[in-house]
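Enquirer: Before I ask anything, here is the structure I am working with.
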Amino acid sequence: MGRWLFGIGWAAFLCHVLLAFEVHYGWSHATALAETATQTEALTGIRTGGGLYLNYAFGLIWLADLSSWNTTDARSPTRLTWLARAFFAFMIVNGAVVFVEGPQRWFGLALVGALLYTWRPSMPAPRRPVT
């Protein structure tokens, strides 16, 4: 079930990106870059549109991670998995908590909490005594 949810999440992310480009940016990468720079400057004082490229990387890394689920054991995450999760957490915290206001921020915090809970290391099963 986790793989399906992960895939549905990626599809929702892709729809979010497509809708943003359609509704807010008029299919203009330059406009998206300028808007990202404006939002970043308003929050941090640094004018950069680099966050847009981080979003592209986020989608590609998510897709690569989703594609690798056939070949890896999700129960024993590798260092690469943890690196990807750290990047995902960074992006989700920024996109769903830092750069939003009001009730959306509470939803973002709940999302981050749920992800951290599901990503927690699992405890090994207790060993049965040999009799």
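Rule-based calculations on the coordinates, nothing more; no lab input. Quantities reported herein were computed from a predicted structural model and do not represent experimental measurements. Ideal geometry is used to build each Cβ from the backbone, glycine not excepted, and the neighbour counts take in all protein chains shown.
Enquirer: Strictly greater than 21 Å: what percent of every Cα pair in the chain meets that?
Expert: Roughly 50 percent, once rounded to a whole number.
Enquirer: On a 0 to 90° scale, report how tilted helix 79-93 is relative to the longest principal axis of the chain, with both axes built from alpha carbons and the result rounded to the nearest 10.
Expert: 40 degrees
Enquirer: On to the next question. Classify region 1-50 as rounded, prolate or oblate from the Cα gyration tensor: take a ≥ b ≥ c as the square roots of its eigenvalues, call it rounded if a/c is under 1.5, otherwise prolate when a/b beats b/c and oblate if not.
Expert: It is oblate, given that a/c is not under 1.5 and a/b is not larger than b/c.
Enquirer: Within 10 Å of each candidate Cβ there may be at most 14 other Cβ atoms; applying that plus a DSSP loop requirement, which chymotrypsin sites (Phe, Trp or Tyr not before Pro) in region 1-70 survive?
Expert: Trp27
Enquirer: Go ahead and estimate [θ] at 222 nm for the chain from helices alone: -39,500 (n - 2.57) per DSSP H run with n ≥ 4, summed, over the residue count, rounded to 500.
Expert: -22500 deg cm²/dmol
Enquirer: Enumerate the calculated ³J(HN,Hα) couplings along region 28-39 in order (Karplus 6.51 cos²θ - 1.76 cosθ + 1.60, θ = phi - 60°), each rounded to whole Hz, writing x wherever the residue is Gly or Pro.
Expert: 10, 5, 4, 5, 4, 5, 5, 5, 4, 4, 5, 5
Enquirer: So, one more: Using only the alpha carbons of region 72-120, determine the length spanned along each of the three principal axes and report them from longest to shortest in whole angstroms.
Expert: So the three principal-axis extents are 38, 16, 12 Å.
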